[in-house]
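The numbers here are math on the coordinates, done by the rules we state, and not lab data. What you see is a predicted model, and the numbers here were worked out from it, not measured in a lab. A quick note on method: Cβ atoms are made from the backbone with ideal geometry, for glycine too, and the neighbour counts reach across all protein chains shown.
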Amino acid sequence: MPAAQLLLMNREAFHAPEIVIETQRLILRRWRDGDEIIAAPIYAKPEVMQYIPSGTWDYQATTRIIARMQALENDQGFGFYPIVLKETGAIIGHAGLGYLERTKEVELAYVLDVQYWGRGLATEAARAILTHGFSAIGLERIVAVAFPENLRSVEVMKRCGMQACGLACHFNREVVKYEARRGG
């Protein structure tokens with residue numbers, strides 16, 4: 001089957017109201033029933049969750065956290081969404097916006113399955129989320145944090161044009177903090 005036809009079939013599998021953001025290669029959509037079955041193996045991988053404060057998630061944790069992500073969007077008007085690779089229709093992680101631990105700052109966060117690292121997909125998703133946050137949601141400032149040793153995440157922040165704004169303490173650890181401002 002030609003790639004264009006496969007892409008069209010994958011695109012038609014989505015209903016417009018559930019698509020939040022679309023990029024050249026990705027769709028960020030609202031969570032669906034059953035997504036936890038697909039996503040749980042991603043979050044069970046130590047290398048994927050190495051820099052996530054809670055560590056790996058089992059199936060039950062994945063189910064609870066996805067429900068919390070859904071509630072966040074309902075409560076605050078934005079949240080975290082599965083990242084779907086258009087080419088295959090596969091969920092490859094999640095990304096989005098939420099309030100940074102114990103603050104009123106809105107944080108950009110992303111998790112991507114290890115087999116998709118190094119392809120620019122995290123950067124593509126993060127840029128689209130920043131644009132969405134500023135244009136569709138009307139945010140003035142978005143932050144992102146990472147443990148200093150998480151060099152991949154720091155590079156994504158830099159490639160998105162975020163500026164370093166120093167060190168901070170979140171998740172009981174020192175983190176590097178970056179920010180982006182609307183129009184900046």
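Numbers below:
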read-out	value
Of P17, P41, P148, the one that fluctuates the most in a GNM where the chain has Cα springs shorter than 10 Å	P17
Values of log10 I(q)/I(0), in the order q = 0.14 Å⁻¹, for the range 59-140 under a Debye, Cα-only, solvent-free model	-0.50
Restricting the range 78-184 to trypsin sites (Lys or Arg not before Pro) in coil, as DSSP defines it, with at most 12 other Cβ within 10 Å	R102, K104
Length-normalised contact order of the chain in % [C-alpha pairs under 8 Å, at least 6 apart]	17 percent
Helix axis angle, 3-12 relative to the chain longest principal axis, alpha carbon, degrees	80 degrees
Estimated dipole of the chain in Debye, rounded to 20 [Cβ of Lys and Arg +1, of Asp and Glu -1, Cα centre]	400 debye
Full-extension gain in nm, R119 to C169, via 0.36 nm per residue minus C-alpha separation	15.0 nm
Degrees, to the nearest 10: 59-76 long Cα axis against longest axis of the chain	80 degrees
Sparsely packed chymotrypsin sites (Phe, Trp or Tyr not before Pro) within the range 128-179, loop by DSSP, other Cβ within 10 Å at most 16	F171
Cα-based reach from K86 at 12 Å (exclusive), listing aspartates and glutamates while leaving out same-chain residues under 8 positions away	E12, E22
Cα-only radius of gyration and Dmax that characterise the chain, units Å	15.9, 51
Likely footprinting exposure, I142, I37, fewest C-beta neighbours within 10 Å first	I37, I142
Candidate lysines for bridging to K177, where Cα separation is under 21 Å - those fewer than 8 sequence places away on the same chain excluded	K104, K158
